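**Student:** The structure is given below, and queries will be raised subsequently.
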Amino acid sequence: MQNTAPIADAGGPYTTTFDNGIALDASGSVDPDSQCGDSIVEYKWDIDNDGTYEFTDILPSRTLTW
């Protein structure tokens, strides 16, 4: 059986004000092979879409503050 890549769901749409920050939530992401024991082990956030991850975490959510 072939391993299938996880399906990312970064939530959104996101809005913010400079005094409140922004809560990112990827808890909607799933691993199609979870019935075989696979799981998502880390979440990566590329905030400015430049190809470099600004944050990597084992948790699916993060709050950014300015």
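The values are calculated or read from the model by the stated rules, or taken from the named source; none is laboratory data. Because the structure is predicted, anything quoted here is derived from the model rather than measured. Cβ: placed from backbone, ideal geometry, glycine included. Neighbour counts: every protein chain shown. Remember, those area values only see protein heavy atoms, side chains included, never the ligands or the DNA or RNA. Shrake-Rupley method; radii C 1.70, N 1.55, O 1.52, S 1.80 Å.
**Student:** Just wondering, is there one or more residues in the range 58-66 that are at pLDDT 90 or above, of a type in the set (D, E, K, R) and surrounded by 11 or more Cβ atoms within 10 Å (Cβ to Cβ)?
**Tutor:** Taking every residue of the range 58-66 in turn, none turns out to be at pLDDT 90 or above, of a type in the set (D, E, K, R) and surrounded by 11 or more Cβ atoms within 10 Å (Cβ to Cβ).
**Student:** Let me ask you something else. Quick one: which residue in Gly28, Gly51 is part of a loop (DSSP other than H, G, I, E, B) and open to solvent by less than 50 Å² (accessible area, probe 1.4 Å)?
**Tutor:** So the residue among Gly28, Gly51 that is part of a loop (DSSP other than H, G, I, E, B) and open to solvent by less than 50 Å² (accessible area, probe 1.4 Å) is Gly28.
**Student:** Say whether the condition of being out of contact with any Asp or Glu (no Cβ under 8 Å at 6 or more places or on another chain) and touching a residue at least 24 places away in the same chain (Cβ under 8 Å) is met by at least one residue in the range 40-54.
**Tutor:** Checked against the condition, which is being out of contact with any Asp or Glu (no Cβ under 8 Å at 6 or more places or on another chain) and touching a residue at least 24 places away in the same chain (Cβ under 8 Å), the range 40-54 yields no hits at all.
**Student:** I would also like to ask the following. Looking at this structure, is Ile22 in a strand (DSSP E or B), open to solvent by less than 60 Å² (accessible area, probe 1.4 Å) and among the β-branched types (Val, Ile, Thr)? Steps first, please.
**Tutor:** Working: in a strand (DSSP E or B): yes; open to solvent by less than 60 Å² (accessible area, probe 1.4 Å): yes; among the β-branched types (Val, Ile, Thr): yes.
It is true that Ile22 is in a strand (DSSP E or B), open to solvent by less than 60 Å² (accessible area, probe 1.4 Å) and among the β-branched types (Val, Ile, Thr).
**Student:** Taking Val41, is it within 13 Å of the chain's Cα centre (by Cα), among the aliphatic types (A, V, I, L, M) and surrounded by fewer than 12 Cβ atoms within 10 Å (Cβ to Cβ)? Outline the logic, then answer.
**Tutor:** Numbers: within 13 Å of the chain's Cα centre (by Cα): yes; among the aliphatic types (A, V, I, L, M): yes; surrounded by fewer than 12 Cβ atoms within 10 Å (Cβ to Cβ): yes.
So Val41 passes the test.
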